[in-house]
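Below: the structure, in structure tokens.
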Ligand SMILES: [Zn+2]
């Protein structure tokens, strides 16, 4: 787990404003930290069969970041994607409530979550931003709702 805002820049409010306070530079710098965490998590991918290495970083509303990488095994069918590893790791540590997830892969066309991960992202995170990135610095933003329209969830049970 990483601290969400280790090098996040801040700016001081103009002199004379009441009271003196620090203003958080919004979203983009937060997302940069999330993207960096996803890329670092990718380094731990266990993908000896496909060599398709993916990292994910999930930001909780508490500010904590949970990372995951894809983990293959000999059956292939039991492989778990980076996104689900990150989400299950967060849930297993008692975290609930998330506000973004980033996914990093080494592909020119950015890699979106698979169908299984879209379902899990929707169920545990709701309609959060999904940030796709690659190692060349390309970034695209979408959302869980766009990736999984008309989603099934517990509200139907
Ligand atoms: Zn997946």
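The values are calculated or read from the model by the stated rules, or taken from the named source; none is laboratory data. Nothing here was measured: the structure is a model prediction, and the numbers come from that model. So basically every Cβ, Gly included, is an ideal-geometry build from the backbone, and we count neighbours across all protein chains shown.
Within the range 142-151, the only residue that satisfies the criterion of being part of a strand (DSSP E or B) and either without any contact (Cβ under 8 Å) to a residue 24 or more places away in the chain or on the phi > 0 side of the Ramachandran plot (or both) is 143.
Can you go through 85, 54, 71 and tell me which one is touching a residue at least 12 places away in the same chain (Cβ under 8 Å), within 23 Å of residue 134 (Cβ to Cβ), near the ligand (Cβ under 9 Å from one of its atoms) and crowded, with 16+ Cβ neighbours inside 10 Å?
Numbers: 85 fails: near the ligand (Cβ under 9 Å from one of its atoms); 71 fails: near the ligand (Cβ under 9 Å from one of its atoms).
Just one listed residue meets the conditions, 54.
Please indicate, with yes or no, whether at least one residue in the range 96-114 is more than 22 Å from residue 32 (Cβ to Cβ), within 13 Å of the ligand (Cβ to nearest atom) and outside any helix (DSSP H, G or I). Checked the range 96-114: at least one residue is more than 22 Å from residue 32 (Cβ to Cβ), within 13 Å of the ligand (Cβ to nearest atom) and outside any helix (DSSP H, G or I). The selection criterion, being closer than 15 Å to residue 33 by Cα, at pLDDT 95 or above and either part of a loop (DSSP other than H, G, I, E, B) or more than 13 Å from the ligand (Cβ to nearest atom) (or both), holds for residue 133.
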